[in-house]
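Here the structure comes first, spelled out in structure tokens, and everything after it is commentary.
The values are calculated or read from the model by the stated rules, or taken from the named source; none is laboratory data. Keep in mind it's a predicted model, so treat the numbers as computed, not measured. Cβ: placed from backbone, ideal geometry, glycine included. Neighbour counts: every protein chain shown. Please note that ligands, DNA and RNA were not included when accessible areas were found on the heavy atoms of the full protein model with its side chains. Shrake-Rupley method; radii C 1.70, N 1.55, O 1.52, S 1.80 Å.
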There are 2 protein chains.
Amino acid sequence: MAQKPSIPKGTRDFGPAEMARRNYIFDTIRSVYALYGFRQIETPAMENLSTLMGKYGEEGDKLLFKILNSGDFLRGVDAQELSGEGSPKLASQLCEKGLRYDLTVPFARYVVQHREELTLPFRRFQIQPVWRADRPQKGRYREFYQCDADVVGSDSLLNEVELMQIIDEVFHRFGIRVCIKINNRKILTGIAELIGQADKIVDITVAIDKLDKIGLDAVNAELAEAGIPQPAIEQLQPIINLSGTNEEKLATMRQVLKDSQTGLKGIDEVAYVLQQYALVTAPASTGRVEGGAPLQLDLTLARGLNYYTGCIFEVKALDVEIGSITGGGRYDNLTGIFGMPGLSGVGISFGADRIYDVLNQLELYPQAITTATQLLFVNFGETEAAYALPALAACRRAGIRAEIYPDASKMKKQMQYANARAIPFVALAGETEMADGKFTLKDMNTGEQTVVTAQEMVEKVRS
Amino acid sequence: MAQKPSIPKGTRDFGPAEMARRNYIFDTIRSVYALYGFRQIETPAMENLSTLMGKYGEEGDKLLFKILNSGDFLRGVDAQELSGEGSPKLASQLCEKGLRYDLTVPFARYVVQHREELTLPFRRFQIQPVWRADRPQKGRYREFYQCDADVVGSDSLLNEVELMQIIDEVFHRFGIRVCIKINNRKILTGIAELIGQADKIVDITVAIDKLDKIGLDAVNAELAEAGIPQPAIEQLQPIINLSGTNEEKLATMRQVLKDSQTGLKGIDEVAYVLQQYALVTAPASTGRVEGGAPLQLDLTLARGLNYYTGCIFEVKALDVEIGSITGGGRYDNLTGIFGMPGLSGVGISFGADRIYDVLNQLELYPQAITTATQLLFVNFGETEAAYALPALAACRRAGIRAEIYPDASKMKKQMQYANARAIPFVALAGETEMADGKFTLKDMNTGEQTVVTAQEMVEKVRS
């Protein structure tokens, strides 16, 4: 036999069992998004490279999959470039199109391109694969799905609150216990103002994050090493030692940042979101005794600093060691890169692949989703098959996923098929059953066999 | 403002309204496939070019979208090739991967690659986009979805019957009146044997197809022109003039092809499928007075001759002028190209884009699918919004897709938003309503306003 065919590294096939689980994830997210008034869009897998290039930094440009132009792709190419290594410049001469790298830039492009048709605020969600020429490793793929929801054209913090609610509802439906971390870019800006060094904010958050592990002295030493002057380190002490409830933290921060207008605005924003979130996820609102997932102010949260401008959030699973499984935030100029400035937006993105890993590890999938075919009719030959077909039709009409083994193979083979596919019920009809107008229905879990009419079979399989 | 961004030609954005319609199509097909025991798989967008090349003919190779290798893509490239036009040889040196061109070859690759895990017969369906560098034109796109179902590992004609049932059920659910055309490759082989010229079979079917338009004499003249000798044309007369019911046609063909074992086998196969299909789509089986869609033997049907080996089918919409909207057939060696010979299969493929066009033209979409958000809460300010939030939560808990306008914009703007989005209900609460613990619910279709409690609102919107 020839060499077994394979797929490109970093890509995956999804078989029926995996698809059932993935569909469960996507369907859950999709229906919660819809419940909150978000509407789905889809954009093409290929975008013009001019749309994608320069949006993800120099490293991102390199990770774009580029599509070779059709026809004579060497026409008009700079001969000089052909003699060296394959350069980025040559690549953009050979390729006009690339595969989308995320859903955010295509969404920004979509909003600008279709702005005349859109009614703002626009609440959209999008669940599609993206492609990155990253080095593949455990949990990192070259093709993976993103599940994004964004509201553009509204500055209201209610959008932030609703996105937190969506996160809470989705993970509640999955049965995954999570903690939502919230921070605000403006608070970080306030801290940078405080110490007079905006470029050190990453060093600071990284150092603060280590407090539990290395202790206060080591953190302060690290800050000094990073070139932060002693007076600034002194001022940072209340931030590094920040603890207590969200309210206590906010009160401390209000004191520390009392001279930064931007910082205070960030504190107000977080305070509002925390307060409203508490209200809408209270037991009376959610109908759950335990209320919503905890929402925690975390000053070390600093995702995508160059991108976000207001609240930022991240979700951690409480019962599995894994990175952030959802994230997002507010940006004030998403569409500016395409010549439409001043449109504010806020969005979240569920990490489907990590959620898949968490659900697998905690075995949280509902039993029902893994059952594909519910009933198999055994095939004893042409006459018996003809006898079974009307009953099969009746089952399907009743919404039961059912099939007949297509060939009159040996009984053992057919039962093996039912077992391999975890089909819970098998129907048999030989001479005796046919004479009585009945079927023997075997429950594959208990082994129990009962003789039933077609109608009784429908009811039994359904229940 | 900068130039409006755009997308590559032949690709499309799908906005919320289009997505609702497309999801309706995909969900319908998906649930019927599942009802018949088919299970979903997905394969990567990118396949190794070695998997794709040579599978779609020379023309197909040219239409593959190829992905430029990452890093130094010129390494190891033949310098000679760089001095000429962009050649196919050079393309395969620059590119290892390509976008999938259809779902059939990736499925064959999947079956061979995963053969140890699969229990045969394997009933799979797959709904994913494919990409072709075709010249874009009306109704032909460079990115489009295919919706395939196949059974591999079973020779039984019951599979053909079930696939016809699936076609019937899907179009019944859509409300599209169709006629299913069936033919058999073996019958066409029999005809070729009869006239002693296998390579003329396409000319013959093309000529026969024109009978209604140009008349018998012109058809015979065309056959002679195509180089078919007079005695053979004589023998073809009963085939050209074939008419009547399926049974009458089969009886005639049985006579004409009495000396061709292959031809007679093809006739038997078609006869079996027709007979079983009639049985399973009779009113008693489908629960519909009109029974199933008509299934017609059509000798002019000759799709993919080099590929199919048994029954072939195609579906025509009766009320719209459009090409085939679904097709398929039996093949005996799908996986042979990947070194796993002898695996027979049969499959169908729904043309989602054409079905979309048909549904649009006949306006057959159910009303319900176009309603996204069912209820909008008007936002009069912070206090009023806070009053509305628990009711909003209650609505969503009851499964109602609801939202609150995020900003306290002018009433007119908020109502325009509700209208533009075709939201059927709007809830308002000002001082009066808040004092009474109620809401004014406006039915946007009738204009009727009623004062209700949150619970009454849930019931009213639901009904």
Which percent, nearest 5, of DSSP beta bridges in the protein assembly as shown are antiparallel?
80 percent
Once you average over the residues of B:117-125, how many Cβ atoms of partner chains fall within 10 Å of each Cβ?
4
Net charge (Lys, Arg +1; Asp, Glu -1) of residues whose beta-carbon lies under 13 Å from that of B:LEU389, B:LEU389 excluded, is -2
Sorted from shortest, what are the nm distances separating the label point of A:ASP217 from equivalent points in the other copies, each placed 7 Å from Cα along Cα to C-beta?
11.3
For the ranges A:431-438, B:289-296, what's the packing order if you count other beta-carbon atoms within 10 Å of each residue, average per peptide, and put the highest first?
B:289-296, A:431-438
Compute the Cα gyration tensor for segment B:76-160, then decide on rounded, prolate or oblate, letting a ≥ b ≥ c be the square roots of its eigenvalues: rounded whenever a/c is under 1.5, prolate when a/b is larger than b/c in the other cases, and oblate in all that remain.
oblate
If the only charges are +1 at each Lys and Arg Cβ and -1 at each Asp and Glu Cβ, what is the size of the charge dipole of chain A around the Cα centre, to the nearest 20 debye?
840 debye
Which of the aspartates and glutamates could be linked to A:LYS258 by a straight reach, that is with a Cα gap under 17 Å, when you skip same-chain ones fewer than 8 residues away?
A:GLU193, A:GLU234, A:GLU247, A:GLU248, A:ASP268, A:GLU269
Sequence-distant aspartates and glutamates (8 or more away, or on other chains) whose Cα lies within less than 17 Å of A:LYS89:
A:GLU58, A:GLU59, A:ASP61, A:ASP78, A:GLU81, B:ASP72
Could I have the simple spin-label model distance between B:GLN416 and B:GLU225, label points 7 Å from Cα toward Cβ, reported in nm to one decimal?
6.3 nm
Which three semi-axes in whole Å describe the equivalent ellipsoid of chain A, each the square root of 5 times a Cα gyration tensor eigenvalue, listed largest first?
52, 32, 21
For the pair B:SER50 and A:ALA79, what calculated FRET efficiency results from E = 1/(1 + (r/R0)^6), where r is the Cβ-Cβ distance and R0 = 45 Å, to the nearest 0.05?
0.90
Sort B:219-229, A:266-276 for me by packing, meaning the mean count of neighbouring Cβ atoms within 10 Å per residue, highest on top.
A:266-276, B:219-229
Among B:SER50, B:ALA79, B:GLN93, the residue whose Cα sits farthest towards the positive end of the charge dipole of segment B:46-112, when +1 is placed on the Cβ of each Lys and Arg and -1 on the Cβ of each Asp and Glu, is B:SER50
Once the dipole of segment A:225-374 is set up from charges on Cβ (+1 Lys and Arg, -1 Asp and Glu), the residue from the list A:ALA317, A:GLY336, A:LEU299 lying farthest towards its positive end is A:GLY336
Could you give log10 I(q)/I(0) at q = 0.19, 0.23 Å⁻¹ for segment A:1-110, computed by the Debye formula over C-alpha point scatterers of equal weight, without solvent?
-1.11, -1.25
Projected onto the charge dipole of chain B (unit charges on the beta-carbon of Lys, Arg, Asp and Glu, signs +1, +1, -1, -1), the Cα from B:LEU216, B:ALA271, B:ILE41 with the largest positive-side position is that of B:ILE41
Only four residue types carry charge here, +1 at the Cβ of Lys and Arg and -1 at the Cβ of Asp and Glu. Report the dipole size of segment A:46-172 about the Cα centre in Debye, rounded to the nearest 20.
440 debye
Just from its helices, what would the mean residue ellipticity at 222 nm be for chain B, if runs of 4 or more DSSP H residues each count -39500 (n - 2.57) and the sum is divided by every residue, rounded to the nearest 500 deg cm²/dmol?
-13000 deg cm²/dmol
To the nearest hundred square angstrom, how large is the accessible surface buried between B and A, total for both chains, probe 1.4 angstrom?
9000 Å²
Using the Kyte-Doolittle scale, find the helices of chain A whose mean hydropathy is at least 0.0 and whose Cα atoms extend 27 Å or more along the helix's long axis, counting only whole DSSP H runs.
A:261-280
How big is the shadow of the Cα convex hull of the protein assembly as shown, averaged over all directions, in nm²?
46.1 nm²
Above 21 Å lies some portion of the pair distances; for segment B:353-463, what is it as a whole percent of all C-alpha pairs?
38 percent
Taking Cα atoms only, Rg over Rh for segment A:288-443 with Rh from the Kirkwood formula is 1.30
Where only C-alpha atoms are counted, convex hull volume of segment A:79-226 per residue in Å³:
253 Å³
If you take each beta carbon of peptide B:9-21 and count the beta carbons of other chains within 10 angstrom, what is the mean?
5
Could you state the number of Å between the C-alpha centres of segment B:155-178 and segment B:381-435?
45 Å
In peptide B:188-200, what is the residue-averaged number of other protein chain Cβ atoms found within 10 Å of each Cβ?
0
Long-range amide H contacts for A:SER87: which residues qualify at under 5 Å (H placed 1.01 Å from N, peptide plane, sequence gap of 5 or more or a different chain)?
none
Filter on A:LYS66/B:LYS97; A:LYS55/A:LYS97; A:LYS138/A:LYS200 - keep pairs with C-alpha separation over 21 Å
A:LYS138/A:LYS200
Given segment A:371-462, what percent of its DSSP beta bridges are antiparallel, to the nearest 5?
55 percent
